[in-house]
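Everything on this sheet refers to the single structure shown next.
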Amino acid sequence: QVQLVESGGGLVQPGGSLRLSCAASGFTFSVYTMRWYRQAPGKERELVAAITPASITNYADSMKGRLTISRDNAKNTVVLQMNSLKPEDTAVYYCNAWRWPNAYWGQGTQVTVSS
């Protein structure tokens, strides 16, 4: 049974940091590209960061310089470190595992940036 379980979301003040984690099980984690998406109210889901099996990373322009994505294949986890958060970063953040033709999703974790 495939599971992706996100944690680490919450309420943070502008300029603050959060560390999101995604624990994976039920598939061969090390061969999957892992991604973080976000979806704000009334907006489409958008990709914010990705890391390949070879640990090549990619970031959305809107958050570049404020994010670090990393993976631990021994622990089947992917982490998204978010710094200098802004109110417009408020969204539900989703973990995604992709390797054609499969794509798995977590249930999401809420991130709210507000004073």
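Tally the residues that are touching a residue at least 40 places away in the same chain (Cβ under 8 Å), open to solvent by 40 Å² or more (accessible area, probe 1.4 Å) and not in a strand (DSSP E or B), restricting the search to region 1-25.
Number satisfying all stated conditions: 5.
Out of all the residues in region 75-85, is one or more surrounded by fewer than 16 Cβ atoms within 10 Å (Cβ to Cβ), closer than 16 Å to Gly10 by Cα and touching a Pro at 6+ places or on another chain (Cβ under 8 Å)?
Within region 75-85, not a single residue is surrounded by fewer than 16 Cβ atoms within 10 Å (Cβ to Cβ), closer than 16 Å to Gly10 by Cα and touching a Pro at 6+ places or on another chain (Cβ under 8 Å).
Condition first: closer than 23 Å to Thr33 by Cβ, touching a residue at least 12 places away in the same chain (Cβ under 8 Å) and either in contact with a helix residue (DSSP H, G or I) (Cβ under 7 Å, 6 or more places away or on another chain) or not in a strand (DSSP E or B) (or both). Now tell me which residues in region 84-115 satisfy that. It would help to see each step written out before you state the result.
Keep residues of region 84-115 that are closer than 23 Å to Thr33 by Cβ, which gives 89, 91-109, 111.
With touching a residue at least 12 places away in the same chain (Cβ under 8 Å) added as a condition, the list becomes 89, 91-99, 102, 104-109, 111.
Across region 84-115, the qualifying residues are Asp89, Arg99, Gly106, Gln107, Gly108, Val111.
Just one of (1) in contact with a Phe, Trp or Tyr (Cβ under 8 Å, 6 or more places away or on another chain); (2) open to solvent by less than 10 Å² (accessible area, probe 1.4 Å); (3) assigned to a loop (DSSP other than H, G, I, E, B) trips up Met63, so point out which.
It is condition (1) that Met63 fails.
What is the residue count in region 93-113 for residues that are surrounded by 14 or more Cβ atoms within 10 Å (Cβ to Cβ), closer than 18 Å to Ser17 by Cβ and under 14 Å from the mean Cα position of the chain (by Cα)?
The qualifying residues number 3.
Of the residues that sit in region 26-50 and are farther than 16 Å from Thr109 by Cβ and assigned to a loop (DSSP other than H, G, I, E, B), which one is most open to solvent (accessible area, probe 1.4 Å)?
Glu44
Among (1) open to solvent by 50 Å² or more (accessible area, probe 1.4 Å); (2) closer than 16 Å to Glu44 by Cα; (3) of a type outside the set (Gly, Ala, Ser), which single condition is Asp89 missing?
(1) is the only condition that Asp89 fails.
The values are calculated or read from the model by the stated rules, or taken from the named source; none is laboratory data. It should be emphasised that the depicted structure is a prediction, and the values quoted were computed from it without experimental measurement. A quick note on method: Cβ atoms are made from the backbone with ideal geometry, for glycine too, and the neighbour counts reach across all protein chains shown. Surface areas here come from the heavy atoms of the whole protein model, side chains and all, with no ligands, DNA or RNA. Shrake-Rupley method; radii C 1.70, N 1.55, O 1.52, S 1.80 Å.
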